[in-house]
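First up is the structure itself, then whatever we jot down about it.
The values are calculated or read from the model by the stated rules, or taken from the named source; none is laboratory data. Keep in mind the model is a prediction, meaning the values are calculated, not measured. Cβ: placed from backbone, ideal geometry, glycine included. Neighbour counts: every protein chain shown. We work out accessible area using only protein heavy atoms, side chains counted, and drop any ligands, DNA or RNA first. Shrake-Rupley method; radii C 1.70, N 1.55, O 1.52, S 1.80 Å.
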Amino acid sequence: MDLAAIPLYDHHAHALFRESTWRRAPLEPYFGEANDPEQHRRFGRDTLSFRRGMRDLARFYACEPTVDALLVARARVDYADLARRMFAAARIGHWLIDDGLWTDELMSISECTALIPGVPVRRIVRLEVELARMIEQHDRASTLLAALADTLSNRASGIAAFKSIAAYRTGLDIGRPAATEVEDAFSAIRRSVVRGRPTRVASKPLIDAMLWAVLPVAAARGTPVQFHTGFGDPDLDLRLANPLHLRPLFESEALRGLRVVSLHCYPYVREAGYLASVYPGAYVDLGLTVPYTSVHAMRAALHEALHLAPVTKVLLSTDAQRTPETFWLAARWGRRVLGEVLDATIEDGDLSADEAAWAASRILFDNAAELYA
Ligand SMILES: [Zn+2]
């Protein structure tokens with residue numbers, strides 16, 4: 001199947017570097033989740049995603065498929081023009097931006113909107129960052145959490161989704177901490193806050209309590225909540241990033257109606273697919289798994305997501321950031337691998353040709369369009 005004509009509703013992504021940062025940024029970090037400079041220096045060019053990405057980009061820039069040739073070709077381009085051409089080639093139809101990452105280095109949402117005319121942009125609120133921003137204004141965790149819930153319920157109409165990076169900070173085994181434990185944890189953080197400097201909240205009682213305070217807001221407002229699950233940057237303990245830990249959210253009567261999107265998922269794609277097959281509020285997204293893994297793994301992941309999950313609950317996204325090249329690569333491989341996986345479902349008799357065409361539109365665009373409407 002050729003899916004080139006179907007736009008991608010990119011519901012899991014970030015902003016781009018400003019030009020000066022882009023010009024001096026090295027290539028290796030665009031192809032994996034490592035943040036240790038030694039890993040990039042010694043091994044960054046040895047992954048399948050880097051090697052394949054170099055050849056893909058060389059085709060785009062019409063240069064030799066070597067890193068040196070690519071660096072020369074990139075140095076010659078007009079950055080804004082490159083971004084527009086790559087977004088057009090990637091057929092990005094909507095761009096939802098989590099602006100809680102690398103806030104100093106990436107463009108603002110309004111800069112992104114201006115850079116790529118014609119692509120609607122909306123914001124995703126990163127809950128842990130929003131929480132950290134409000135810490136200085138409160139003396140108690142209880143008033144902080146109430147204020148956060150209030151802010152989010154008032155603003156929920158202007159934003160596309162909430163997102164939690166609990167997996168990166170304290171794990172997805174979200175507990176029910178006692179109020180005293182939360183207040184103690186808050187006091188310790190409050191004492192360490194340096195005025196005017198961003199605080200990084202990595203306290204399990206506080207993050208868990210925050211989630212139980214804001215998830216009811218999301219459920220009541222119909223705002224979807226994205227959770228990073230599976231692999232990601234090495235902040236996370238992969239053992240605690242299994243989406244199966246999220247079961248209490250789906251079982252909670254108080255959170256009835258809450259829609260939760262498991263992001264990344266790899267290597268827990270089957271687990272995320274299982275959740276989507278039994279809980280009405282569970283969805284699966286494979287951004288980052290596509291395109292950071294091998295072609296075989298991308299194909300396997302998409303097929304595994306569809307082992308059990310309804311077609312109407314599986315999504316693709318780019319999880320791209322920093323350079324327009326990551327959007328182009330993710331969209332290119334998302335469509336290609338999805339086409340191959342759906343071809344196989346026709347061959348196997350899982351779907352008819354018409355149903356596979358419907359599934360392609362659902363997974364690339366319609367599922368997200370409905371979820372984030
Ligand atoms: Zn992500």
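Some observations on this one:
- Radius of gyration (Cα atoms) of the stretch 284-368, expressed as a multiple of 2.2 N^0.38 Å: 1.03.
- Fraction of accessible area attributable to carbon and sulfur, the stretch 46-152 (%, probe 1.4 Å): 53
- Solvent-accessible area per residue, Å², over the stretch 192-238 with all protein chains present [probe radius 1.4 Å]: 40
- Under Karplus coefficients 6.51, -1.76 and 1.60, residue-wise ³J(HN,Hα) of the stretch 84-95 in Hz, glycine/proline x: 5, 5, 6, 5, 5, 5, 7, 6, 6, x, 9, 9
- Residues of the stretch 127-167 with amide N under 15 Å of the 7 Å Cα→Cβ point at Arg197: 136
- Database remark: amide H of Arg122 closer than 5 angstrom to the amide H of Trp95, Leu96, Ile97 (H placed geometrically; neighbours at sequence offset of 5 or more, or on other chains; Pro and chain starts carry no H).
- Proximity of backbone amide H atoms, modeled 1.01 Å from N, is registered between Leu16 and Met107, Arg322 at under 5 Å, excluding neighbours fewer than 5 places apart on the same chain.
- Using heavy atoms of the protein chains and a probe of 1.4 Å, the accessible area assigned to Arg140 is about 120 Å².
- Efficiency of FRET between Asp237 and Val77 - r from beta-carbon atoms, R0 35 angstrom, step 0.05: 0.30
- For Ala161, the amide hydrogen comes within under 5 Å of the amide hydrogens of Val125, counting only partners 5 or more places away or on other chains and with H modelled in the peptide plane.
- The chain - Kirkwood radius from inverse mean 1/r over Cα pairs (Å): 21.3
- Helical runs assigned H by DSSP (4 residues or longer) give the chain a calculated mean residue ellipticity at 222 nm of -15000 deg cm²/dmol, each run adding -39500 (n - 2.57) before division by the residue total.
- Distance in nm between pseudo-label sites at Asp68 and Asp2 (7 Å out along the Cβ direction from Cα): 3.7
- The HN-Hα couplings worked out from phi for the stretch 20-30 by the Karplus form 6.51 cos²θ - 1.76 cosθ + 1.60 (θ = phi - 60°) are 4, 5, 4, 4, 9, 6, x, 6, 3, x, 6 Hz, whole numbers, x standing for Gly and Pro.
- Using the Karplus relation 6.51 cos²θ - 1.76 cosθ + 1.60 with θ = phi - 60°, the per-residue 3J(HN,Hα) values for the stretch 193-202 come to 5, 9, 3, x, 9, x, 9, 9, 8, 9 Hz, with x marking Gly and Pro.
- FRET E, pair Trp358, Asp36, Förster distance 51 Å, beta-carbon r, rounded to 0.05: 0.70
- Separation in nanometres of the label points that stand 7 Å from Cα toward Cβ, at Asp139 and Ala254: 2.6
- Along its principal axes, the stretch 71-218 has C-alpha extents of 57, 32, 28 angstrom, given from the largest down.
- Across every direction, the projection of the convex hull enclosing the Cα atoms of the stretch 128-200 has a mean area of 5.5 nm².
- Taking a point 7 Å from the Cα of Ala369 along the Cα-to-Cβ direction, the residues of the stretch 84-99 with backbone N closer than 11 Å to it are 93-94.
- Per residue solvent-accessible surface (Å²) - the stretch 43-161, probe of 1.4 Å: 47
- DSSP beta bridge pairing in the chain, given as percent antiparallel to the nearest 5: 5
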